[in-house]
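In what follows, a single structure is set out as structure tokens and then discussed.
Please treat every number below as a calculation from the coordinates, not as lab data. Since the model is a prediction, treat every value here as computed from it, not as a measurement. Here the Cβ positions follow ideal geometry from the backbone for every residue, glycine too, while neighbour counts run over all protein chains shown.
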Amino acid sequence: MTNQPADPKTLRAKILATIESGKIVMRPRWHFVLHGILLIVGTILAAAIVIYLASFAVFNLHNTGAWFVPGFGFRGLRVFVMSLPWLIILLSLVFIALLEILVNKYSFAYRKPLLYSVMGVVLFAVLGSFAISQTSFHRLLHEQARRQGLLFGGGLYRNYDRRLKSVTMGEITQFTTNQFRIRDLRSDDEFEVFIDDDTNRPQDLQISDRVVIFGNRATSTIHAEGIRRIAPGNFRPPRRFPMRFPPGQFEIN
Amino acid sequence: MTIPHQTDEDIAKLVQNGDHEVFGLIVERYEGKMLRYARKFLFGHQDSQDLVQEVFLKAYTNIRGFDASRKFSSWLYRIAHNEFINAIKKRGREPISIFDPDTIFPHLAASDNPEQDLDKEQVKMLLNDCLDRLDVKYREPLVLYYFEDLDYQQISEIMRIPMSTVGVRLSRGRQLLKQIYDQSTSRP
């Protein structure tokens with residue numbers, strides 16, 4: 001600091017005069033601390049919403065059986081695309097974009113090419129949703145929502161709790177010629193499943209096998225276009241259905 | 001240790017603690033640099049002086065947000081960058097894209113060698129002559145590198161772009177300068 005009287009025309013003098021006049025004031029430290037905290041909280045919140053929405057989409061696909069139908073040829077793929085929860089997927093993408101914007105406020109992200117942070121965010125969403133879909137998180141919330149026991153978000157589970165007309169998940173209870181009976185895992189109803197030479201199916205189906213049947217469902221019959229066995233797991237369908245059937249733990253034979 | 005010999009970061013700490021008089025020293029130290037940065041980056045802008053004054057006032061207002069463990073100059077240049085970019089946007093003569101493909105993919109750092117074709121003085125001379133014909137996104141890193149003597153990391157911090165992109169822009173900027181120069185000298 002110099003003790004010489006400042007020339008009022010210099011930039012230094014002008015700035016000090018503005019400061020002394022009180023026209024500008026220094027922002028308090030808490031302003032910046034709050035800004036930092038809000039950024040961290042916002043990032044964590046966006047990350048949590050991304051994982052929640054993405055894992056809900058995976059849960060919903062398992063719950064409706066749509067997850068298994070791409071294996072049933074072009075028609076299966078069409079049903080899969082049509083039954084995707086597009087609004088949830090769109091919302092997930094919006095929050096992924098928001099998360100990417102927030103992450104890029106941090107130096108570790110903006111110092112590297114954008115591709116890295118985008119890949120990191122997408123990988124985080126995929127792994128996070130996969131991890132959550134391995135737990136009973138959404139199933140429990142789903143059950144609560146069915147019993148009207150969720151204070152917040154119950155509508156989401158109820159609105160997406162739908163059945164696909166061409167997909168039925170069940171357990172084989174009885175075999176007869178060119179057909180077998182299944183007990184629907186969602187409704188406990190019994191269905192006659194008709195098969196023919198064109199039905200794409202494993203040859204060694206047995207009683208108690210759990211299967212996904214692709215084909216239009218009528219009142220008590222299904223004309224199967226394709227059948228896939230699902231390996232037993234510990235998934236529990238909604239409470240009124242006694243079967244165990246885990247989202248994310250299906251294996252298709 | 002007397003104040004004039006203290007580092008920028010030490011002085012910033014004093015200002016943060018309420019000694020606003022020493023902020024004058026910051027102004028003295030950076031006035032010339034900021035004016036040069038403004039004049040080169042915003043060539044032809046009539047209000048460089050006012051913009052630089054605004055930069056210092058914003059720096060004072062936000063100085064408690066400065067982390068004294070980091071480099072003060074990069075922090076101040078970042079404020080100036082924002083102020084100057086806003087001025088260019090306001091002027092509306094040069095388009096500034098929010099999204100730049102250069103920042104998406106990784107680039108090989110080795111692809112850039114600052115002194116490959118032209119020496120520093122040559123580039124500075126060319127840059128002085130051709131500023132008005134260079135795109136904003138090439139002009140700024142060239143100005144920061146050649147006139148402000150900042151390194152890649154500082155430029156990356158100031159412009160908030162990857163370090164590899166700084167290298168790419170410097171390299172392309174120099175190529176453009178050469179092209180502009182060659183075109184202008186080959187004209188009858």
Ellipticity estimate at 222 nm from DSSP helix runs (n ≥ 4, -39,500 (n - 2.57)) divided over chain B, nearest 500:
-19000 deg cm²/dmol
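Using the Cα centre as the reference, give the magnitude of the dipole from point charges on the C-beta atoms of chain B (Lys, Arg: +1; Asp, Glu: -1; all else neutral), rounded to the nearest 20 debye. List each step's numbers first, then the result.
Numbers: 26 positive and 29 negative charges, 113 e Å.
Here chain B has a charge dipole of around 540 debye.
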With 0.36 nm assigned to each residue of separation and the Cα-Cα distance removed, A:ALA48 to A:LEU115 gains 22.0 nm
Alpha-carbon Rg with Dmax, taken over segment A:81-132, Å
12.7, 41
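Sort A:140-153, B:25-38 for me by packing, meaning the mean count of neighbouring Cβ atoms within 10 Å per residue, highest on top.
Details: A:140-153: 14.1, B:25-38: 19.4.
Going by the mean number of other Cβ atoms within 10 Å, highest first, we get B:25-38, A:140-153.
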Quick one: if the Förster radius is 45 Å, what FRET efficiency do A:VAL25 and B:GLN183 give, using the C-beta to C-beta distance and rounding to 0.05?
0.30
Anything over 27 Å Cα to Cα? Flag those among A:LYS14/B:LYS120; A:LYS105/B:LYS178; A:LYS9/B:LYS33; A:LYS9/B:LYS124, in the order listed.
A:LYS14/B:LYS120; A:LYS105/B:LYS178; A:LYS9/B:LYS124
Which parts of segment A:91-127 would a label at A:PHE137 reach, counting a residue when its backbone N lies under 14 Å from a point 7 Å out along Cα-to-Cβ?
A:124-127
Rounded to the nearest 0.05, FRET efficiency between A:TYR106 and A:LEU205 (Cβ-Cβ, R0 45 Å) equals 0.25
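If you place +1 on the Cβ of every Lys and Arg and -1 on the Cβ of every Asp and Glu, how big does the dipole about the Cα centre of chain A come out, in debye to the nearest 20?
Working: 30 positive and 18 negative charges, 261 e Å.
About 1260 debye.
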Spacing of the two label points (7 Å from each Cα toward its C-beta) at A:GLN148 and A:ALA17, in nm:
7.3
May I ask what percent, to the nearest 5, of DSSP beta bridges between residues of the protein assembly as shown are antiparallel?
85
Label-point separation (nm) for A:SER187 and B:PHE43, each offset 7 Å from Cα along Cα-to-Cβ?
7.6
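As an exercise, use a Förster radius of 41 Å and the Cβ-Cβ distance of A:ILE89 and B:THR61 to find the FRET efficiency, rounded to the nearest 0.05. Could you put the intermediate results ahead of the total?
On the way: r = 43 Å, r/R0 = 1.05.
Rounded to the nearest 0.05, the efficiency is 0.40.
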Given points 7 Å out from each Cα along the Cα-Cβ axis, report the A:LYS9 to A:ASN159 separation in nanometres with one decimal.
6.8
